[in-house]
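To start, the structure itself, in structure tokens.
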Amino acid sequence: MKLQANRRGENLYIYLSGELDEHSAAAIRAGTDRLIDENAGLSRAVFNLAGLRFMDSTGIGFLIGRYKRLKRYGMEMYVENPEESADKILSVSGLYALMPKI
């Protein structure tokens, strides 16, 4: 699992690639939380999932946890370019109601 990020204006872009599952979640969670904390006060975070080849229920928990963390800072969360299987999981789970797809 690979994590990259950049800041553009008031937006934090977080790029996830690889497999988001039980084995990779802890490291990605720590890295993502550090990025969120370091960029507190921005308007929103956009999670780009184009490179995410696999995501299971651990991935849903990961995204919900980041959503809650961002909300504490008053930041909005969006999902961008989800890979087809991730898009299906996010649609069925109803997560797009919390974190819209852009």
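Taken together, the values in this text are just the output of simple stated rules run on the coordinates, not laboratory data. Fair warning: this is a prediction, and the values are worked out from it, not measured in the lab. Note that we place each Cβ from the backbone using ideal geometry, even for glycine, and neighbour counts take in every protein chain shown.
Tabulated values for the structure
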quantity	calculated
Residue list for region 56-79, filter: closer than 14 Å to Leu95 by Cα and of a type in the set (A, V, I, L, M, F, W, C)	Ile60, Phe62, Leu63, Ile64, Met77, Val79
Residue satisfying all of: in region 1-52; of a type in the set (Ser, Thr, Tyr) and buried (at least 19 other Cβ atoms within 10 Å of the Cβ); nearest to Gly74 (Cα to Cα) among these	Thr32
Residues satisfying the stated conditions in region 59-75, i.e. surrounded by 16 or more Cβ atoms within 10 Å (Cβ to Cβ) and either in contact with a Gly (Cβ under 9 Å, 6 or more places away or on another chain) or of a type outside the set (A, V, I, L, M) (or both)	Gly59, Phe62, Arg66, Tyr67, Arg69, Met75
Output for region 43-64, where each listed residue is of a type outside the set (Gly, Ala, Ser) and in a strand (DSSP E or B)	Arg44, Val46, Phe47, Asn48, Leu49, Leu52, Arg53, Phe54, Met55
Where a residue in region 1-22 is without any contact (Cβ under 8 Å) to a residue 24 or more places away in the chain and its partner, wherever it lies, is surrounded by 13 or more Cβ atoms within 10 Å (Cβ to Cβ), with Cβ under 6 Å and at least six apart	Gln4/Tyr15; Asn6/Tyr13
Residue within region 37-51 that is on the phi > 0 side of the Ramachandran plot and either in contact with a Gly (Cβ under 9 Å, 6 or more places away or on another chain) or among the hydroxyl-bearing types (Ser, Thr, Tyr) (or both) present	yes
Total residues in region 43-81, condition within 20 Å of Lys2 (Cα to Cα), touching a residue at least 12 places away in the same chain (Cβ under 8 Å) and more than 10 Å from the chain's Cα centre (by Cα)	10
